[in-house]
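A short reminder: the numbers here are calculations on the coordinates, not readings from a lab. The model shown is predicted, which means the values in this text are computed figures rather than measured ones. Cβ coordinates were reconstructed from backbone atoms using ideal geometry, including for glycine residues, and neighbour counts include every protein chain displayed.
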Amino acid sequence: MRRTRRRRGRRRSRPLFEVPPKGVLGVLAVSLLLSIVISRGVMPVTAVRPLEGQVVFIDPGHGGIDPGACGQTYTEKEIVLKVALLLGSRLERNGARVVYTRTGDYDLETPDVSDVDARIKLMKQSRATVALSLHCNAFTDPWERGAQVFYNASKHPDSKKLAQMIQDELVKSTDTEREISARLDHFILNHAEMPAVTVELGFLSNPDEEMLLGSDEYQEKLVTCIYEAVFAFITSQ
Ligand SMILES: [Zn+2]
């Protein structure tokens, strides 16, 4: 962002006229500042919020006593939470309302409701445009790697399209060679009334990919992939 320069020594100059009341001064200062900023094109007169009115449901998997998959250094619950919050704030900056299942390290279990049922309930109540569940994978073979998107086409016909759009972005920007898959029995996919996907961000059982997944830079890259695809999906509806 460009900044307006201040002339040195300006504060020392004496006023040549009577000082107006403080409130008037404040209004004048704000008006002057706004006119400078707007005339220089630094700030748009009205912010563009293309996702205004849209609701996005984001479910960072696991949490609390359930760490999910565990690598040597990182756990699934912490990585999916970081990516979820970054993704959510980018969606919010562009006007969307985000409904999270969790925004910290906890699960949703209560004496009356299981964690799974609580997440399903939140998703249904959200009436979201799309539902995204974020997870990390793990496998016995440490060579397995790559982000992959899952869907359940029997629940909503557009889930496959959303999955493909996210997978395409991931293939373009990361080294995954994986394809979308309908072979995942996941409660979010099985109960979604809106287009829904589960994004497996990568394999924590692969030491190289684990380091990537734990890095801010790679998390931002994953967020950009998911955001771009979700944005394109929503705005193409
Ligand atoms: Zn998981």
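A compact table of results
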| item | result |
| --- | --- |
| Residue among Ala153, Ala196 that is under 21 Å from Glu228 (Cβ atoms) and touching a helix residue (DSSP H, G or I) at 6+ places or on another chain (Cβ under 6 Å) | Ala196 |
| Filtered residue count, the stretch 62-91, keeping only those that are more than 14 Å from the chain's Cα centre (by Cα) and either within 18 Å of Phe233 (Cα to Cα) or within 16 Å of the ligand (Cβ to nearest atom) (or both) | 15 |
| Those residues of the stretch 190-237 which are hydroxyl-bearing (Ser, Thr, Tyr) and surrounded by fewer than 18 Cβ atoms within 10 Å (Cβ to Cβ), in sequence order | Ser215, Thr224, Thr235, Ser236 |
| Odd one out for Ile65, checked against (1) within 20 Å of Asn137 (Cα to Cα); (2) in contact with a helix residue (DSSP H, G or I) (Cβ under 8 Å, 6 or more places away or on another chain); (3) of a type outside the set (S, T, N, Q) | (2) |
| Tally of residues being under 19 Å from Val56 (Cα atoms) and surrounded by fewer than 17 Cβ atoms within 10 Å (Cβ to Cβ) across the stretch 98-116 | 3 |
| Inter-residue pairs, beta-carbon under 9 Å, first farther than 26 Å from Val230 by Cβ and in the stretch 53-77, second among the aromatic types (Phe, Trp, Tyr) and within 13 Å of the ligand (Cβ to nearest atom), 6+ apart | Gly71/Phe203 |
| Output for the stretch 117-136, where each listed residue is crowded, with 22+ Cβ neighbours inside 10 Å and among the aliphatic types (A, V, I, L, M) | Met123, Ala128, Val130, Ala131, Leu132, Leu134 |
| Condition check for Ser114: of a type in the set (Ser, Thr, Tyr) and closer than 24 Å to Ser236 by Cα | no |
